[in-house]
Structure formats: C-alpha cells, structure tokens
Amino acid sequence: TPFLVFAGVGCSAAIVLISRRMDLVDREGHPIHLAWSALLSYWPWLAKEIVKSAWDVTRRILSPSLPISPTLVEFVPSQQTDLGLVIHANSITLTPGTIAVEVGHGAFLVHALTREGAAGLAGSEMDRRCSALESL
C-alpha cells in the first residue's frame, strides 16, 4: 500500500540522517564516492568478465574432453586499502570458476577451476582496475 511505501522511505531517510549525525558514515563503510566511476567503467567490465567466465565454466561442464585442473594460487594484490582489497576479492568470487579463499594485505589465496584461470590472476586486468577504482 502507499502508506507502507512512504513509511519505508521515511524510515530509511531518518536512519541515514541519524547515522550521518552520529558520524557512522565514512568513506569505507559507505563508499559513495565510487558510485559514478564504478557504474560507468568498472561494473560493465566486470559484467563482461563474469559472462566470459560463465561461458568457459559451462563449456567445461558440458564437454568432458575439456580439462578441469583445480588449483590454489597465492599472489600479492596491489591494493592498499581494505576497501580496495574487498572490491578485488569480491570481484574474484563473483567470477565463475574462481573464489577468494583467504584475503589479506600481503596475499590473496584463490581457488581456480583451471590452471589457466589461476595463472591469469597475478598482475591481472582485474587487479589493475580495482587499484584504479581504489585511488578515486
């Protein structure tokens, strides 16, 4: 009903105002400064990478002749802030065939479905784009 919609909007606005007044909203907790840049450049690129990886995983599932070689790989990410590390780790996990197992400032431990996928993680385009997004 319209009343419930307006009550929800009003409560949400009140929570945002109270949170800002209490100084709970910061650059890492709510990175609004990344919104436009991420929307225009990073999200479309990540969506394309997700589709490409999903296609590769689907082909490997449907065609038994394609190799699957599960691999754990450790590499040093180039991000400096917690926000950059989280964006990079989540991007890896969103991409089918890879999952970030351990995340830290010194190293990422990632499980990949194939050796080729694992080899492409260190110094990757994703690492570069996440670092660029982090520096905004």
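A few notes on this one:
- Test for Asp82: is it open to solvent by less than 30 Å² (accessible area, probe 1.4 Å), charged (D, E, K, R) and touching a residue at least 40 places away in the same chain (Cβ under 8 Å): no
- Considering residues of segment 100-121 that are over 17 Å from Gln80 (Cβ atoms) and among the small types (Gly, Ala, Ser) only, the residue most open to solvent (accessible area, probe 1.4 Å): Ala119
- Residue in segment 10-32 that is modelled with pLDDT under 85, within 24 Å of the chain's Cα centre (by Cα) and in a helix (DSSP H, G or I) present: yes
- Strands (runs of 3 or more DSSP E) wholly inside segment 60-113 that include at least 2 residues being under 18 Å from Glu49 (Cα atoms) and touching a strand residue (DSSP E or B) at 6+ places or on another chain (Cβ under 7 Å): 98-103, 108-112
- For the condition open to solvent by less than 50 Å² (accessible area, probe 1.4 Å) and modelled with pLDDT of 90 or more, Thr71 qualifies.
Listed here are the residues, each with its yes/no results for (1) among the basic types (Lys, Arg); (2) more than 13 Å from the chain's Cα centre (by Cα); (3) on the phi < 0 side of the Ramachandran plot; (4) modelled with pLDDT under 90.
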position: Ser53; (1), (2), (3), (4): no, yes, yes, no
position: His88; (1), (2), (3), (4): no, no, yes, no
position: Ala112; (1), (2), (3), (4): no, yes, yes, no
position: Ala132; (1), (2), (3), (4): no, yes, yes, yes
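- Counting only residues that are buried (at least 18 other Cβ atoms within 10 Å of the Cβ) and farther than 19 Å from Pro70 by Cβ, segment 90-99 holds 1 of them.
The values are calculated or read from the model by the stated rules, or taken from the named source; none is laboratory data. On a predicted model such as this, the values are computed, not experimentally measured, just so you know. Note: ideal-geometry Cβ built from the backbone for every residue, glycine included; neighbour counts use all protein chains shown. The accessibility values were calculated without ligands, DNA or RNA, using every heavy atom of the protein model including side chains. Shrake-Rupley method; radii C 1.70, N 1.55, O 1.52, S 1.80 Å.
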